[in-house]
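Visitor: Let me give you the structure first, and then I'll get to my questions.
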């Protein structure tokens, strides 16, 4: 039996495609991404019907943050791989990254039409709905996802977060608990659950959850800050200081730690430490003239006149005509027995 030249060419072409696809999958397994990109571009150019090559090319473009090209590659892949839900899911994710939410929702829907148990699609679809302000729709999607796949940690977590942000911490905790049962090594879930427990006033459980967060992820700085604040709230200043300083050792620039340490030292009347942390906070955010004047009052009450004067002068930089600052400067000079200077400040305060 003889074969036509066209048949022979077709067989040779298929053989060539198979060869290049093997090379691409091997490079993919080895993580040789530059080689993968070259091969995927070659295959899709010479063998445009090869859906897997388009799918891998889309993933490579997405990896490079070349989202427009990624979308086009996944669209081509979806035409060749009509029953591949993952292609549609990837395409939806790219449109979500491009903030083309209508298109993203369209392809999340198509993903779930092909595979109703694709739980990540419910979570990402809901995330897109949240970003576009459709909170009720997002909640519906997540609940639908849980009806199909109740033991999905991500969907439980996303629903818990949605409810938490909607100021429903009690209901949120139910889903946080489900999520940590499914993903017991996830520090983020424990942290968010701890914040919700803290909001509800369940301090002992909140402390346990924050400590579990740190046990899972020792550099979770926000957990140290919350723990310190909780212990300070309970009056356990020693425990509060230990957690806050431990957090500060991890991130000396974390503003919440600096603020909580300032509160701690104010409560314990350790004014030098208090001032030190206030000064660090002032380097990171602006203080109003009123706030600076209040700090001056605190320093004055502790007989720290030089520090009180410094805060008054900073307050005058922000509000040169503030009579309360002038009055405070008068009190400072009076305490120093500099009565003439004190009178000058009091006169300025009355003039204003």
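Every number here is computed from the coordinates shown, using simple stated rules; none is lab data. Everything numeric in this text was worked out from a predicted model, so none of it was measured. A quick note on method: Cβ atoms are made from the backbone with ideal geometry, for glycine too, and the neighbour counts reach across all protein chains shown.
Visitor: If the elastic network links every pair of Cα atoms under 10 Å, which of 253, 338, 315 fluctuates the most in the Gaussian network model of the chain?
Guide: In the Gaussian network model the winner is 338.
Visitor: Counting other beta carbons within 10 Å of each Cβ, put 193, 21 in order, fewest first.
Guide: 21, 193
Visitor: So, one more: Given the Cα-Cα distance of residue 302 and residue 75 and 0.36 nm per residue of separation, how much length would full extension add, in nm?
Guide: The residue 302-residue 75 span can extend by a further 74.7 nm.
Visitor: Here's another thing I want to ask about it. Residues of region 53-86 with backbone nitrogen within less than 16 Å of a virtual label 7 Å along the Cα-to-Cβ line of residue 114, please, listed as ranges.
Guide: Flagged as within label range: 53-59, 71-86.
Visitor: At residue 294 and residue 98, where each label point lies 7 Å from the Cα along Cα→Cβ, what is the point-to-point distance in nanometres?
Guide: Going by the 7 Å Cα→Cβ label model, 5.0 nm.
Visitor: If you don't mind, there's one more thing I want to ask. Tell me which label goes with the value of semi-axes √(5λ) of the Cα gyration tensor in Å computed from the coordinates here: (1) 44, 22, 19; (2) 34, 24, 23; (3) 62, 25, 19.
Guide: Answer label, from the structure shown: (3).
Visitor: By how many degrees, 0 to 90 and rounded to 10, does the Cα axis of helix 119-131 deviate from the longest principal axis of the chain?
Guide: 50 degrees
Visitor: Roughly speaking, what is the stretch gain from residue 250 to residue 350, that is 0.36 nm per residue apart minus the C-alpha to C-alpha distance, in nm to one decimal?
Guide: Going from the current span to full extension adds 31.1 nm.
Visitor: Return the calculated 222 nm mean residue ellipticity for the chain, to the nearest 500 deg cm²/dmol, obtained by summing -39500 (n - 2.57) across DSSP H runs with n ≥ 4 and dividing by the residue count. Walk me through the intermediate numbers first.
Guide: On the way: 20 runs with 280 residues, N = 352.
So the helix-based figure for the chain works out to -25500 deg cm²/dmol.
Visitor: Mind pulling the angle between the C-alpha long axis of helix 169-182 and the longest principal axis of the chain? Nearest 10 degrees, somewhere in 0 to 90.
Guide: The angle comes out at about 50 degrees.
Visitor: Please tell me the relative contact order of the chain in percent, rounded to the nearest whole number, where contacts are Cα pairs under 8 Å and at least six residues apart.
Guide: Relative contact order for the chain comes out at 5 percent.
Visitor: Is the C-alpha gyration tensor of region 142-206 telling us rounded, prolate or oblate? Criteria: a/c under 1.5 is rounded; beyond that, a/b larger than b/c is prolate, otherwise oblate.
Guide: oblate
Visitor: Residue 188 to residue 23: FRET efficiency via 1/(1 + (r/R0)^6), r the Cβ-Cβ distance, R0 41 Å, to the nearest 0.05?
Guide: Taking R0 as 41 Å, the efficiency between residue 188 and residue 23 is 0.55.
Visitor: Given the C-alpha centroids of region 138-173 and region 310-337, what is the distance between them in whole angstrom?
Guide: Spelled out, the Cα-based centre of one part sits 53 Å from the other.
Visitor: Moving on. For the chain, find the longest principal axis of its Cα atoms and tell me its angle to the long axis of helix 339-351, 0 to 90°, nearest 10.
Guide: Value to nearest ten degrees: 60.
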